[in-house]
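Below: one structure, written as structure tokens.
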Amino acid sequence: MRVAGLAAGLLLAAPAFAQEAPREPEEVVIIGQGLAPPPGDAAYAVVVIPRERLAGTASGRLEDALRDVGGLAQFRRSDSRSAHPTSQGVTLRGLGGNASSRALLLLDGVPQADPFGGWVAFPAYLPERLASARVTRGGGSGYSGPGALAGTIELASGSPAELGRLQA
């Protein structure tokens, strides 16, 4: 019985056919364009201020170079060299001048705002010692951490190659 079952199984087995040789693939041409940026992206636009612009301010102050950024507003009307430190701050969304609307200032990734009141001593930053400033408007810059509700100003220190030799 076993032999008969084995013989029937062998006789009923269908032969295996080999695969056809692969043909060359047809050329596919795709014509199109990328998607348009969403309307909300403009709110988080990034502005990069190069070293030449930072060092080229007539007053030699960082906040004068930052004035080129649209939507940036300072809390004070007086010069940062004579204003009280608690009144020194910027906002990037046109919000009122209060602590909840301040922009986060980072120097090489380190927050520079005072931990008590959130103000920034702008006269402490020499524009000619910076490589660039990157300004991100709006709350989309929250990857930088707390304090970036109105935006982020990221300052990058210049390298020795960019700054040149020290002069007395």
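Brief remarks on what is shown
- Fully extended contour minus Cα-Cα distance, from Arg165 to Val46, at 0.36 nm per residue: 39.7 nm
- Subtracting the Cα-Cα distance of Ala7 and Ala36 from their residue separation scaled by 0.36 nm leaves 3.6 nm.
- Sequence-distant residues sharing a close amide H with Ser157 (under 5 Å, placed H): Asp108, Ala131
- Sites Asp64 and Leu107 - FRET efficiency at Förster radius 25 Å, r taken between beta-carbons, to 0.05: 0.90
- Distant-in-sequence amide H partners of Ala113 (H built 1.01 Å from N, under 5 Å): Leu105
Taken together, the values in this text are just the output of simple stated rules run on the coordinates, not laboratory data. Worth saying up front: this structure is predicted, and the values here are computed from it rather than measured. Backbone-built Cβ (ideal geometry, glycine too); neighbour counts: all protein chains shown.
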